[in-house]
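Visitor: Take a look at this one; I'll ask things after.
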Amino acid sequence: MDSFQEYLKGILQQILNSYQILTELNDKPEDLETINKEFSKIKGFLQVIKNKLKEKEYQSDNLVTLHKLSSYYIDNYDFAREIQLLSETYSGDQNRLKNIRLVIIESLNDKKLIEKFQIILSKL
């Protein structure tokens, strides 16, 4: 179980790092690529958590919470289409960049997702 917890810690830390990068961007045209990369990482890591925890038989409260939060996010949020559209047509529009970045950040705070990930990370 220890190596699995270390594995989860690493994934959670990478999600939090990507979130931090998103919060620090300045909405410049070149930031769209970073927004896309960091959102894709977060979505991918959440999918890994969802898949790994689904196959686990023994689950602590933290692992159940992680699985539920990851599943909720994956089922309810996907900005790939919006990011793609933005890159094709409005990549130089700072307001649109800011809006998509803020919507992604807001989505990661739905159900206090990031806050709960930080708490679970500290408990693992």
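Visitor: Name the residue that is surrounded by the most Cβ atoms within 10 Å (Cβ to Cβ), counting only residues in the stretch 93-120 that are farther than 24 Å from L12 by Cβ and not hydrophobic (A, V, I, L, M, F, W, C).
Guide: R96
Visitor: Note down all Cβ pairs under 9 Å where the first residue falls in the stretch 55-76 and is more than 16 Å from L12 (Cα to Cα), the second is among the small types (G, A, S) and open to solvent by less than 60 Å² (accessible area, probe 1.4 Å), and they're at least six residues apart or on different chains.
Guide: Note: pairs meeting the criteria are N76/S107.
Visitor: Checking the conditions here, which among E30, E6 is at pLDDT below 95, open to solvent by 90 Å² or more (accessible area, probe 1.4 Å) and farther than 25 Å from L66 by Cβ?
Guide: Every option except E30 fails the conditions.
Visitor: Output the number of residues of the stretch 81-92 satisfying the condition of being open to solvent by 50 Å² or more (accessible area, probe 1.4 Å), under 14 Å from I35 (Cα atoms) and not hydroxyl-bearing (S, T, Y).
Guide: 5
Visitor: So is K123 open to solvent by 50 Å² or more (accessible area, probe 1.4 Å), touching a residue at least 60 places away in the same chain (Cβ under 8 Å) and under 30 Å from S3 (Cα atoms) or not?
Guide: Here the answer is yes, as K123 does meet what is asked.
Visitor: So, one more: Read through the list (1) at pLDDT below 95; (2) within 20 Å of S18 (Cβ to Cβ), then give the number of the only condition that K54 fails.
Guide: Here K54 clears every test but (2).
Visitor: Condition (residue is of a type outside the set (F, W, Y) and within 13 Å of Y19 (Cβ to Cβ)) applied to the stretch 88-103: is it met by at least one residue?
Guide: Among the residues of the stretch 88-103, at least one is of a type outside the set (F, W, Y) and within 13 Å of Y19 (Cβ to Cβ), which makes the answer yes.
Visitor: Give me a count of the residues in the stretch 34-57 that are closer than 15 Å to I100 by Cβ, in contact with a Ser or Thr (Cβ under 8 Å, 6 or more places away or on another chain) and surrounded by fewer than 20 Cβ atoms within 10 Å (Cβ to Cβ).
Guide: So the answer is 1.
The values are calculated or read from the model by the stated rules, or taken from the named source; none is laboratory data. Because the structure is a prediction, the values reported are computed rather than measured. Positions of Cβ are generated from backbone atoms using ideal geometry, with glycine treated the same way; all protein chains shown enter the neighbour counts. For the accessible areas, the whole protein counts, side chains as well, though only heavy atoms, and no ligand, DNA or RNA atoms are used. Shrake-Rupley method; radii C 1.70, N 1.55, O 1.52, S 1.80 Å.
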